[in-house]
1. What base-10 log of the normalised intensity I(q)/I(0) is obtained for region 2-45 from the Debye formula, alpha carbons as equal point scatterers, at q = 0.18, 0.21, 0.31 Å⁻¹?
2. Run the dipole for the chain about the Cα centre, Lys and Arg Cβ at +1, Asp and Glu Cβ at -1, nothing else charged, and hand back the magnitude in debye, nearest 20.
3. Could you give the angle, 0 to 90 degrees to the nearest 10, between helix 2-22's Cα long axis and the longest principal axis of the Cα atoms of the chain?
4. Tell me the mean residue ellipticity at 222 nm calculated for the chain from its helices only (DSSP H runs of n ≥ 4, each -39500 (n - 2.57), averaged over every residue, nearest 500).
5. How far is it, in nm, from the label point at Arg22 to the one at Asn6 when both lie 7 Å from their Cα along the line to the Cβ?
Amino acid sequence: MNLIRNYRNWRRYRDTVSELNRLSNRELTDLGISRSDIHYVARKAV
């Protein structure tokens, strides 16, 4: 079970980073996120 949970968390992290990287700087600013915060925000999503 732990392996499956870790895999799902990793996928969620990777998908979140990917989605946030697709946004423009303006869209990220509207969300209150800077480009350098993307990995931090993605880790919080897991």
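Throughout, read-outs are computed from the coordinates displayed, never taken from laboratory work. What you see is a predicted model; the values in this text were computed from it and never measured. Positions of Cβ are generated from backbone atoms using ideal geometry, with glycine treated the same way; all protein chains shown enter the neighbour counts.
1. Log10 of I(q)/I(0), two decimals: -0.51, -0.64, -1.07.
2. On the way: 10 positive and 5 negative charges, 57 e Å.
So the dipole magnitude of the chain works out to roughly 280 debye.
3. So the helix axis and the longest Cα principal axis differ by about 10 degrees.
4. That comes out to -24500 deg cm²/dmol.
5. Modelled inter-label distance: 2.9 nm.
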